[in-house]
Amino acid sequence: MFAGWPCGFVRTAGCDIRCVYCDEAHAFNGGEQISLDDLEEQVAELRVGLVEITGGEPLAQPATPEFAARLLDRGYTVLIETGGHHDVSVLDPRCHVILDVKTPGSGMAEHADFENLGRLGEGDELKFVLTGRSDYEWARDLVRTRAVHEKLPVHFSPVHGQLDPADLAGWILEDELRVRLNLQLHKYIWGPDARGV
């Protein structure tokens, strides 16, 4: 829901799953240790009111809930984009959770914590990254059977360079599905390999 707004990204290192299409494999390990105070200063230097904490997997970092709460207390709007396999109830309810439901094509669907669907609230969103038609049908059926689209914004995002967005748009229209087509805008603006943009 915040796509297109100027946003500062805080990318955590470490992820405890391995999606086959991951475009942030550099975040699996490495990174740098930084205090929350120093990280807050770096965020302030970005001069944006919207901050997304992502990964890797941000909820694999024990300090993520505290850091998010500190930013919220300073007046930031905070998005947490998570793979959905960690309990999101540890987050301050003022956070906007973007829960990436892992499809079979990700190779990580068995790690999904479907209890998280019941933990989401107002301002939260669901995202499905789709590799092809079978992922689309799986996600479509989940959206319909659980009626999640009646409670939350739902985004269907094609794997960049693998699923043609036009095909996905056609399937959504054909099925009259109440979901949003979501594209990774930065890949279209700066190219698929650009980092730090």
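The values are calculated or read from the model by the stated rules, or taken from the named source; none is laboratory data. What you see is a predicted model; the values in this text were computed from it and never measured. As a convention, Cβ positions derive from the backbone with ideal geometry for all residues, glycine included, and neighbour counts pool all protein chains shown. Surface accessibility is based on the protein's heavy atoms, side chains included, excluding ligands, DNA and RNA. Shrake-Rupley method; radii C 1.70, N 1.55, O 1.52, S 1.80 Å.
Remarks
- Convex hull of Cα atoms in the chain, direction-averaged projection (nm²): 10.5
- Value of Rg to Rh for region 107-186 (Rh from inverse mean 1/r over Cα pairs, i.e. Kirkwood): 0.94
- Within the accessible surface of the chain, defined with a 1.4 Å probe on protein heavy atoms only, the carbon and sulfur portion equals 48 percent.
- Descending principal axes extents, region 110-151, alpha-carbon based, whole Å: 30, 23, 17
- Placing one equal scatterer on every Cα of region 31-110 and applying the Debye formula, the log10 ratio I(q)/I(0) at q = 0.19, 0.20 Å⁻¹ is -0.82, -0.89.
- Low-density loop positions, trypsin sites (Lys or Arg not before Pro), region 30-99 - DSSP coil, at most 14 other Cβ in 10 Å: Arg47, Arg74, Arg94
- The residues of the chain expose on average 53 square angstrom of accessible surface per residue, using a 1.4 Å probe on protein heavy atoms.
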